[in-house]
Amino acid sequence: MADDGADRGAYTIAELTAETWPAFDDLVLRHNGIFGGCWCIWFHPDSEERGQGAEANRALKRRYVEAGAAHAALVMDGDEAVAWAEYGTPAELPTLHHLKQYDAEKTGDPDYRITCVFVDRRHRRRGVTELAIRGALDHIAARGGGVVESYPHDLTEQTKKMSSSFLYNGTRRLYERLGFTYVRPKGLKNCVMSIEVPARP
C-alpha cells in the first residue's frame with residue numbers, strides 16, 4: 001500500500017483508547033470486520049474468544065483496548081477514523097506470521113512491533129499508510145522509544161502489482177523511506193525491518 005503524497009493537513013493522529021474506540025469500531029464495521037472478521041486481534045495472545053467469529057473478536061479487541069493492552073495510531077479525518085497502525089510489545093503482540101522461522105533466526109526481541117496497518121478504501125493511495133506508521137512511531141517515542149520491528153511485504157523483486165488489500169503491513173520500500181533497516185527475509189515475500197526510536201522528552 002505504497003501511497004505517496006499525503007496531505008497531512010487533512011488528517012490528525014489519535015491514540016486507540018476507550019474514548020476513540022467508537023471511531024475505530026466504525027472503521028472496522030465499514031469494512032466487514034477486516035480480513036473475514038479478524039478485528040485486528042490476530043497478533044494478540046491466544047484466548048478462548050480469539051478466532052471464534054467476528055463478534056467474539058470484536059468483544060475481545062474492545063477488552064484489550066479498555067485494559068490498555070491494545071495500541072494503535074489512528075489516522076483521523078475529522079471525527080472519523082480512516083486508518084490505523086497497530087503496535088505493541090512482543091508480550092502484547094506475540095503472534096507473527098512465519099513465527100517458527102522468526103524465532104529460529106532472531107538474535108533478540110525488539111521493544112515494540114508494528115504488526116498491522118489498514119486504510120479505509122476511500123482514503124487509499126493518499127499517503128495515509130505512511131501517516132499511520134509515523135503516528136505509531138511517535139506514540140512509541142512518547143512511551144520511551146526503543147528498537148521497533150515491523151514485518152512488511154518485500155516486493156523489490158516482484159514485477160506484478162499486488163492488490164493493496166493484501167498488504168496488511170505496507171511494503172519494504174515504504175519502511176525504507178521511513179528510515180527502517182532491512183534485517184532479513186521472513187517467509188514468502190515478507191521481511192523483518194528495524195529502527196531505533198529515541199524517547200521523546
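The values are calculated or read from the model by the stated rules, or taken from the named source; none is laboratory data. Here the structure is a predicted model, which is why all the values come from computation and not from measurement. Virtual Cβ from ideal backbone geometry, glycine too; neighbours counted across all protein chains shown.
One table, with the values for the structure above:
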| read-out | value |
| --- | --- |
| Those residues of segment 1-20 which are at pLDDT 90 or above, surrounded by fewer than 17 Cβ atoms within 10 Å (Cβ to Cβ) and of a type outside the set (Ser, Thr, Tyr), in sequence order | Glu15, Ala18, Glu19 |
| Residue match in segment 21-28 (condition: of a type in the set (A, V, I, L, M, F, W, C) and part of a loop (DSSP other than H, G, I, E, B)) | no |
| Sole residue being within 19 Å of Gly187 (Cα to Cα), modelled with pLDDT of 90 or more and surrounded by fewer than 23 Cβ atoms within 10 Å (Cβ to Cβ), chosen from Arg172, Arg134, Arg143 | Arg172 |
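Condition check ((1) within 25 Å of Gly144 (Cα to Cα); (2) crowded, with 21+ Cβ neighbours inside 10 Å) across all residues:
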| residue | (1), (2) |
| --- | --- |
| Asn57 | no, yes |
| Glu86 | yes, yes |
| Pro94 | yes, no |
| Gly108 | yes, no |
| Arg122 | no, no |
